[in-house]
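Worksheet: one structure, shown below.
The values are calculated or read from the model by the stated rules, or taken from the named source; none is laboratory data. Quick caveat: nothing in here was measured; it's all calculated off a predicted structure. For neighbour counting, all protein chains shown are included, and Cβ atoms are generated from backbone atoms with ideal geometry for every residue, glycine included. For the accessible areas, the whole protein counts, side chains as well, though only heavy atoms, and no ligand, DNA or RNA atoms are used. Shrake-Rupley method; radii C 1.70, N 1.55, O 1.52, S 1.80 Å.
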Amino acid sequence: MDELFTLCNKNPKDHFKYDQLDTICHYFYEDGKRFIAYKSWDKFSESLSSVATEKEKNALKRQLQKAAFRYNLTAPIFIEQSLHRFKNYLNRKTIKGLINAGKLNLIESMNQENQKRVSNPYLVQYLNRFATYNGSDPYRAPALLNMIPHLEQNLGSYFPKGGMFNIPKSLHQLAVSVGVQFHFQHAVKEIVTSGKNVSAVRVLPLETLEEFHHPCELVVCNSDIYNTYNYLLPNHKAPQKTLSQERSTSALVFYWGIKSTFPDFHLHNILFSADYKAEFDHLFQSQEPFHDPTVYINISSKCEPNDAPEGCENWFVMINVPSHTGQNWDDIAAKARVNILEKLQRILQRDIESLIEFEEILDPIKIEHRTSSHGGSLYGTASNNRFAAFLRHKNFSSSIKGLYFCGGSVHPGGGIPLCLNSAKIVSQLIANQ
Ligand SMILES: Cc1cc2nc3c(=O)[nH]c(=O)nc-3n(C[C@H](O)[C@H](O)[C@H](O)COP(=O)(O)OP(=O)(O)OC[C@H]3O[C@@H](n4cnc5c(N)ncnc54)[C@H](O)[C@@H]3O)c2cc1C
């Protein structure tokens, strides 16, 4: 975000403000154990004393250092450039990464490596959770993804002033200030081609319903690549193998207005499942949520008191669920609600249901409807395959000149930081075309 403002000759601090968090996340386990991840290693380590020995804590520290090594070595290769341009394999950083590939552990899963190096079950579960940051299964996702905690724990966690919504809001303001024109409530129905070139987009304004062609020589498509081929490029051959890859998880979210306050909770809170392996087997094999799900609770009013009335809190209660493949989400949400409330009762020793004053539910179908993400996946395709980074769709079309792709379903993957990187890669590709 800062880089984008700087690129437009603006001081990021004047437009997009954020605070670094001292307290990163509160973790709760079914057996009553808890700890808090702090920015400061000393405080984090002290809190871990409730679940780990000094030796185990040191093993965690080493694993976090290894995460930093991996990130610094691989981010320039896998995140910040296209993997589909031959010349990108010839630069100094890529060659350095390839020389050190042996140190990256391209064989084991995240869980296998965490078990071997850290072994303490509480800490392994903490480390395995980072697979969910791109909707994957730590029991299958490659150990290379054990770099993710580096971003949160070593580089730090930040809270945007005004909440997550301020990320798109300030990007929108920045774009308008440099002359970008937005056409909201206009659905693109087709990317029109002429010969091997992009020639227009066919647009349906949702207010007038009077379709028109907008001529153009260049299209950057941010829609999910699955829908792009299936709906926007109906006359072009779709790369079926790429499109049929395993999807990342989706989410079931309960937005609860709670008429009480909870000192045990902070901005980010995780209540772990007692059987993490079974939870992921349910998500990816049975395609259903587990009866004892890991529950993430975000309470922005802990940082922005005006987000909830005095004496109340705004809870965003989320569990990971599979992407939509035909499940009955009303039934699933009803069961999940009971399971979540029972889990909260067990862990907090308080009845929550009677404190819910407001409720709204978001499920994979609604996510798909609002964003066009196929199946409501949050992060495009999953990273459960060792070669996932190479299997994602590239950021350009090889058959249609002038067509580029960015967003969560293409390289380098889903989540806001990676999506911003995909846009950066596209801008580089266009500049060098
Ligand atoms: C509940 C939830 C919580 C999340 N939490 C986090 C988080 O904490 N951190 C994080 O990094 N990520 C998080 N994510 C994931 C993150 O939001 C996505 O990975 C990211 O927004 C994907 O970006 P995108 O640009 O690919 O797609 P989107 O942000 O979905 O944007 C695509 C846009 O294109 C529009 N569009 C699609 N097709 C068309 C068309 N044909 N014509 C016109 N417009 C079209 C859509 O309406 C949408 O506005 C979360 C997602 C959800 C749903």
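Quick notes on this one:
- Only a single criterion out of (1) free of Cβ contacts under 8 Å to residues at least 24 places away in the same chain; (2) within 12 Å of the ligand (Cβ to nearest atom); (3) open to solvent by 70 Å² or more (accessible area, probe 1.4 Å); (4) assigned to a strand (DSSP E or B) is not satisfied by His213, namely (2).
- Checking the stated criteria, Glu310 turns out not to satisfy the condition of being away from the ligand (no atom under 16 Å from the Cβ) and not in a loop (DSSP other than H, G, I, E, B).
- The one condition in (1) modelled with pLDDT of 95 or more; (2) open to solvent by less than 40 Å² (accessible area, probe 1.4 Å) that Lys39 fails to fulfil: (2)
- For first residues located in segment 251-273 and on the phi > 0 side of the Ramachandran plot and more than 14 Å from the ligand (Cβ to nearest atom), partners that are among the polar types (S, T, N, Q) and open to solvent by 10 Å² or more (accessible area, probe 1.4 Å) and lie 6+ apart or on another chain with Cβ distances below 8 Å do not occur.
- So Thr228, is it open to solvent by less than 20 Å² (accessible area, probe 1.4 Å) and part of a helix (DSSP H, G or I): yes
- Within segment 122-139, not a single residue is free of Cβ contacts under 8 Å to residues at least 12 places away in the same chain and of a type outside the set (S, T, N, Q).
- Condition met for Ala423 (within 11 Å of the ligand (Cβ to nearest atom), within 29 Å of Ile167 (Cα to Cα) and part of a helix (DSSP H, G or I)): yes
- Scan of segment 42-58 for residues that are assigned to a helix (DSSP H, G or I) and either open to solvent by 10 Å² or more (accessible area, probe 1.4 Å) or at pLDDT below 95 (or both), ordered by number: Asp42, Lys43, Ser45, Glu46, Ser47, Glu54, Lys55, Glu56, Asn58
- Hits in segment 67-95 (condition: open to solvent by 40 Å² or more (accessible area, probe 1.4 Å), touching a residue at least 24 places away in the same chain (Cβ under 8 Å) and under 11 Å from His150 (Cβ atoms)): Phe69, Tyr71
- Contacts under 9 angstrom Cβ, first residue in segment 157-178 being of a type in the set (Lys, Arg), partner open to solvent by 80 Å² or more (accessible area, probe 1.4 Å) and in a helix (DSSP H, G or I), 6 or more apart: none
- Annotation: of all residues in segment 375-385 being within 16 Å of the ligand (Cβ to nearest atom) and open to solvent by less than 50 Å² (accessible area, probe 1.4 Å), the one that is nearest to the chain's Cα centre (by Cα) is Tyr379.
- Selection count, segment 386-416, where residues are more than 21 Å from Val192 (Cα to Cα), away from the ligand (no atom under 16 Å from the Cβ) and assigned to a loop (DSSP other than H, G, I, E, B): 2
- Per-region count, segment 232-278, residues assigned to a loop (DSSP other than H, G, I, E, B), open to solvent by 10 Å² or more (accessible area, probe 1.4 Å) and of a type outside the set (A, V, I, L, M, F, W, C): 15
- Condition check for Thr249: touching an Asp or Glu at 6+ places or on another chain (Cβ under 8 Å) and either modelled with pLDDT under 95 or of a type in the set (Val, Ile, Thr) (or both): no
- Residue in segment 228-241 that is within 16 Å of the ligand (Cβ to nearest atom) and within 20 Å of the chain's Cα centre (by Cα) present: no
Rundown of residues vs (1) of a type outside the set (D, E, K, R); (2) over 30 Å from Ser300 (Cα atoms); (3) in the same structural domain as Leu64 (by TED's automatic domain parsing), yes/no style:
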residue: Tyr139; (1), (2), (3): yes, yes, yes
residue: Val176; (1), (2), (3): yes, no, no
residue: Leu209; (1), (2), (3): yes, yes, no
residue: His214; (1), (2), (3): yes, yes, no
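- Among residues of segment 130-160 being among the aliphatic types (A, V, I, L, M) and not in a helix (DSSP H, G or I), the one that is farthest from the ligand (Cβ to nearest atom) is Ala141.
- Some residue of segment 177-193 being open to solvent by 70 Å² or more (accessible area, probe 1.4 Å), acidic (Asp, Glu) and touching a strand residue (DSSP E or B) at 6+ places or on another chain (Cβ under 8 Å): no
- Set Leu341, Leu378: member being among the aliphatic types (A, V, I, L, M) and assigned to a loop (DSSP other than H, G, I, E, B): Leu378
- Condition met for Glu360 (acidic (Asp, Glu), within 16 Å of the ligand (Cβ to nearest atom) and outside any helix (DSSP H, G or I)): yes
- Taking segment 135-176 as the range and being among the polar types (S, T, N, Q) and open to solvent by 20 Å² or more (accessible area, probe 1.4 Å) as the test, the residues that pass are Asn154, Asn166, Gln173.
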